[in-house]
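Colleague: Quick one: structure below, then a few questions.
Rule-based calculations on the coordinates, nothing more; no lab input. Worth saying up front: this structure is predicted, and the values here are computed from it rather than measured. All Cβ positions, even for glycine, are placed from backbone atoms using ideal geometry, and neighbour counts span all protein chains on display.
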Amino acid sequence: MPVPKFRTSASKRDMRRSHHALKSSSLSSCNNCANMHRPHQVCPSCGFYKGKQVMEVSGSQESFGEGSEKFGSE
């Protein structure tokens with residue numbers, strides 16, 4: 001079984017781990033209602049995608065995860 005010949009320095013270890021950080025999710029503004037939504041996704045507040053209404057929204061949804069509605073389930 002291979003074993004490291006030399007100890008890995010803290011600098012080398014930290015340089016290797018520099019890409020392990022989590023990135024924050026990006027948000028886009030809706031062209032129809034100006035609310036923030038995930039890019040390439042239907043706007044959860046108005047149901048528009050690329051300038052066309054593709055989904056009917058019942059009530060007002062302020063944030064992601066509200067309601068238990070899923071696409072395609074009726």
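Colleague: How far apart, in nm, are two points set 7 Å out from the Cα along the Cα-to-Cβ line at Arg7 and at Ser24?
Modeller: Going from the Arg7 label point to the Ser24 one covers 3.8 nm.
Colleague: Something else about it: So for each of 31-39, 4-12, 50-58 I average, over its residues, the number of other beta carbons within 10 Å; can you give me the resulting order with the highest mean first?
Modeller: Final packing ranking: 31-39, 50-58, 4-12.
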